[in-house]
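Accompanying notes for the structure given below.
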Amino acid sequence: MKKDYAVSVIFPEVLVKHSRQHIRISASNLRLAANEALKAIMKREGIKGRRLTRLQLAVIHAGTSTIQDHEA
């Protein structure tokens, strides 16, 4: 069962308007949530293609998803 996570990232090395990024992810555990969120955020305008050396990452468990996968 997947759980919902809220991920917040602060990049101190980029422009102020791009420095704070937020995303909601559904994943089975915290590690996968952080990985998927960083993949998605690193593709965004202002972040993509930059050589970043520092970030602040916060992952918050936001609840359990109500959608369950059933295979027939």
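Here are the numbers for the structure shown:
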item	result
Isotropically averaged projected area of the chain, using the convex hull of Cα atoms (one quarter of hull area), nm²	5.6
Sequence-separation-based contact order of the chain, relative, with Cα cut under 8 Å and 6+ spacing, percent	46
Exposure of Met1 as accessible area (Å², to 10), given a probe of 1.4 Å and all protein chains	140
Lysine pairs in the chain with Cα atoms under 25 Å, if 8 or more residues apart or on separate chains	8
In degrees, nearest ten, helix 30-41 long axis to first principal axis of the chain (Cα)	50
Surface per residue (accessible, 1.4 Å probe) for segment 11-51, Å²	73
Test item: Cα-centred dipole of the chain, Lys/Arg +1 and Asp/Glu -1 on Cβ, debye	420
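The values are calculated or read from the model by the stated rules, or taken from the named source; none is laboratory data. Remember, predicted model here, so these are calculated numbers, not experimental data. Ideal geometry is used to build each Cβ from the backbone, glycine not excepted, and the neighbour counts take in all protein chains shown. Quick note on the areas: whole protein, heavy atoms, side chains included, nothing else; ligands and nucleic acids left out. Shrake-Rupley method; radii C 1.70, N 1.55, O 1.52, S 1.80 Å.
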